[in-house]
Amino acid sequence: MISLKKHKKCILFLICLISLSILMVVYNNQKQNQNPNKQHNKFGHIDKKNITSFKVRNMKGEEKEIKNQSDRDNLIDLINSLKITKSGVELRDGIGFGVIIIYSNGEKFSASFLASSMVYLIDDKSICCDIDKNIVDNLRNCYDKN
């Protein structure tokens with residue numbers, strides 16, 4: 001009889017533990033899904049919404065505002081599709097183009113592209129890496145078009 005009582009307590013304890021674990025996972029997922037785009041300037045997910053300024057800049061530092069929504073969306077999709085192939089590479093010299101995106105909440109995403117390398121800023125920290133595509137021609141074409 002005593003053994004059965006202990007067994008029931010163990011089962012009850014396990015059920016409570018599993019229920020608590022499930023509740024914690026559900027709460028964590030809801031918290032993350034409430035605002036999945038909280039940080040606009042994270043590489044790999046540039047949000048297309050709430051952009052107040054979208055500029056393409058050449059390496060001379062000259063900038064052009066890209067007002068055409070289709071051009072903006074195409075460039076954002078292209079940048080979001082990039083994959084980092086190697087992180088922590090050295091900064092290279094050369095001719096390239098960049099983007100500067102400012103959101104209505106003041107967040108900023110800035111990245112420069114040279115052949116198949118990229119430098120982007122997060123929290124005022126430059127991150128240099130190699131990427132799987134060369135998008136300089138796409139940026140140059142958009143810059144020249146506007």
For this session: Would you check if LYS64 is more than 20 Å from the chain's Cα centre (by Cα), within 13 Å of ARG140 (Cβ to Cβ) and outside any loop (DSSP other than H, G, I, E, B)?
Result: yes
For this session: From VAL99, VAL89, grab the single residue that is more than 24 Å from LYS145 (Cβ to Cβ) and surrounded by 11 or more Cβ atoms within 10 Å (Cβ to Cβ).
Result: VAL89
Exercise. So, in the stretch 98-125, of the ones that are among the polar types (S, T, N, Q) and farther than 18 Å from PHE54 by Cβ, which residue ends up modelled with the highest pLDDT?
Worked result: SER117
For this session: Just give me the residues in the stretch 113-146 being β-branched (Val, Ile, Thr) and over 19 Å from the mean Cα position of the chain (by Cα), in sequence order.
Result: VAL136
Exercise. Do we have any residue at all in the stretch 74-89 that's assigned to a strand (DSSP E or B), free of Cβ contacts under 8 Å to residues at least 40 places away in the same chain, in contact with a strand residue (DSSP E or B) (Cβ under 9 Å, 6 or more places away or on another chain) and hydroxyl-bearing (Ser, Thr, Tyr)?
Worked result: no
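The values are calculated or read from the model by the stated rules, or taken from the named source; none is laboratory data. Note that the coordinates shown come from a computational prediction; the quantities given were computed from them, not determined experimentally. Glycine gets a Cβ as well: all are built from the backbone with ideal geometry, and neighbour counts include every protein chain shown.
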